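Trainee: Before I ask anything, here is the structure I am working with.
The values are calculated or read from the model by the stated rules, or taken from the named source; none is laboratory data. Owing to the predicted nature of the structure, the values given are computational and were not obtained by experimental measurement. Cβ: placed from backbone, ideal geometry, glycine included. Neighbour counts: every protein chain shown.
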Amino acid sequence: MTERNRVAHLLRRLTFGPTAAEVDAAVKVGFDATLRTLIRAPGPVSGPDLGAEPAGEPGDKRQAQQKQATAAIKWWLGQLAVGGAAEKLTFFWHGHWATSVQKVRSAPLMLGQLARFREYGFGDTGPLVRAMLRDPALILWLDGQKNTRKAPNENLARELMELFTLGIGAYTEADVKAGARVLTGWQVDRATAEASFVEKRHDKSGVTLLGKTGAFDVDDYADLLVNHPVHLPFLAHRLWIRYAAAVTPSAEALTRITAAGRNTTALLTALCSDPEFAATNGKLVKQPVEWLIGAVRQLGIAVPPQAMADLRSLGQIPLRPPSVGGWPVDVAWLTTSATVARLRAAQRLAAAAKTEVKDPEALADLLVVDGWSNRTLAVLRGVKDPTKLLALGLASPEYTVH
């Protein structure tokens, strides 16, 4: 792998599709310097003014909520296109702590959750887990609102351990029941967009949780989770399948990565610096959002009005994951229907492009593709129309699998 290919691989993974100019700039400073400067907490981001939480008759209220949600999604797509590596990590956390506006029914609460990812998602996972246990959108999504001392609800405790912090096999059913009791009493006020602790709804009795016994609060629970011996390997593996390859890294690579500690920026830096990372080039299928936003950036166009419709056809709309497990990875995005939808979207993107390409070499440079297979190259060389050539490049296997 040449130094340019190595840097391009890094940029493809850490950002939503690098431009040729960004690759040129990164080559000048080198791989290590580029990696050091890419992953930085973004600070506060000014979101759209969505107005107050809708009120009124149920039908009118639901329609207004859907309108707010659409506005929030369109705004975030635009933010993804300009937010760089920081916003891609925010997108990672959104898929990890998968929460859907369709059940939460509040775009402001969903944007508040994204703000928490930006504030806490770049450092130690302890403060992040603490913040998420108080996150109004997550509480509503996993029925924490219904979790009281008289009627414990186990949804949040179960998914917290299974999907967000530890993984299957690291806890017992008794831990789920105990965790649910610790989390009792948290309620969401939609008017203030805040979660608060209602003591009279809380189970104050002590529990045995993850091998420890005591009268724990949410912060104690968070600390038990992030200090558990499987937490770091679990998170490192999740980062690997989203940023490197949809296969488990070797035990040696996992050990090297987790040596960076609980700081997410340090973990991701260690992942991209690992000797096995370079070998993942060309082995990760782009998620639809990654594919579309990358194309927008490389073509130098605004996020098109039909973006949501295209993403719906491709099977991935931000703020609307299909389940608490988030979106799939790898070949799940390579269905026949997805291929057809990607080509149609590529044709619309190519028609809106501000630049023309006349040969496969220029196309590869524009789309930051290392090279074409002989089969793809044979197809591209037979195309004379620049718009059609660009569309085929965007829909090609080499662009879809990076």
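Trainee: Among 47, 83, 17, which is the only one that is crowded, with 20+ Cβ neighbours inside 10 Å, at pLDDT below 95, touching a helix residue (DSSP H, G or I) at 6+ places or on another chain (Cβ under 8 Å) and on the phi < 0 side of the Ramachandran plot?
Mentor: Being crowded, with 20+ Cβ neighbours inside 10 Å, at pLDDT below 95, touching a helix residue (DSSP H, G or I) at 6+ places or on another chain (Cβ under 8 Å) and on the phi < 0 side of the Ramachandran plot holds for just one of 47, 83, 17, which is 83.
Trainee: Another question, then. Tally up the residues in the range 293-308 that are assigned to a loop (DSSP other than H, G, I, E, B) and either touching a helix residue (DSSP H, G or I) at 6+ places or on another chain (Cβ under 6 Å) or not small (Gly, Ala, Ser) (or both), please.
Mentor: 5
Trainee: Follow-up. For residues that are of a type in the set (Gly, Ala, Ser), farther than 19 Å from residue 190 by Cβ and touching a helix residue (DSSP H, G or I) at 6+ places or on another chain (Cβ under 8 Å), tally how many sit in the range 132-162.
Mentor: 1
Trainee: From the list 57, 53, exactly one residue is surrounded by fewer than 21 Cβ atoms within 10 Å (Cβ to Cβ), free of Cβ contacts under 8 Å to residues at least 12 places away in the same chain and not hydrophobic (A, V, I, L, M, F, W, C). Which is it?
Mentor: Step by step, each of 57, 53 is checked, and only 57 is surrounded by fewer than 21 Cβ atoms within 10 Å (Cβ to Cβ), free of Cβ contacts under 8 Å to residues at least 12 places away in the same chain and not hydrophobic (A, V, I, L, M, F, W, C).
Trainee: Could you look through the range 191-204, keep only residues that are in contact with a strand residue (DSSP E or B) (Cβ under 8 Å, 6 or more places away or on another chain) and under 24 Å from residue 113 (Cα atoms), and pick out the one that is surrounded by the most Cβ atoms within 10 Å (Cβ to Cβ)?
Mentor: Top of the filtered list is 195.
Trainee: Working only within the range 78-110, note down all residues that are in a helix (DSSP H, G or I) and charged (D, E, K, R).
Mentor: Listed by number, the residues that qualify are 87, 88, 103.
Trainee: Another question, then. Out of the range 110-142, which residues are among the aliphatic types (A, V, I, L, M) and either within 17 Å of the chain's Cα centre (by Cα) or farther than 23 Å from residue 202 by Cβ (or both)?
Mentor: 110, 111, 114, 115, 128, 129, 132, 137, 138
Trainee: Turning to a different aspect of this structure: Given the condition of a type outside the set (Val, Ile, Thr), in contact with a strand residue (DSSP E or B) (Cβ under 6 Å, 6 or more places away or on another chain), surrounded by fewer than 21 Cβ atoms within 10 Å (Cβ to Cβ) and at pLDDT below 95, answer yes or no: does some residue in the range 338-358 qualify?
Mentor: no
Trainee: Then there is this: Consider residue 362 against the criteria (1) surrounded by 13 or more Cβ atoms within 10 Å (Cβ to Cβ); (2) closer than 22 Å to residue 287 by Cβ; (3) of a type outside the set (Lys, Arg): it satisfies all of them except one. Which criterion is unmet?
Mentor: Here residue 362 clears every test but (2).
Trainee: Pick from 252, 290, 276: which is over 27 Å from residue 73 (Cβ atoms), among the charged types (D, E, K, R) and either in a helix (DSSP H, G or I) or touching a Phe, Trp or Tyr at 6+ places or on another chain (Cβ under 6 Å) (or both)?
Mentor: 252
Trainee: Can you name the residue in the range 143-160 that is surrounded by fewer than 23 Cβ atoms within 10 Å (Cβ to Cβ) and not in a loop (DSSP other than H, G, I, E, B) and, of all such residues, is nearest to the chain's Cα centre (by Cα)?
Mentor: 159
Trainee: So, one more: For the range 163-190, enumerate the residues that are surrounded by 17 or more Cβ atoms within 10 Å (Cβ to Cβ), over 21 Å from residue 104 (Cα atoms), out of contact with any Asp or Glu (no Cβ under 7 Å at 6 or more places or on another chain) and not β-branched (Val, Ile, Thr).
Mentor: The answer is 166, 167, 170, 171, 175, 178, 179.
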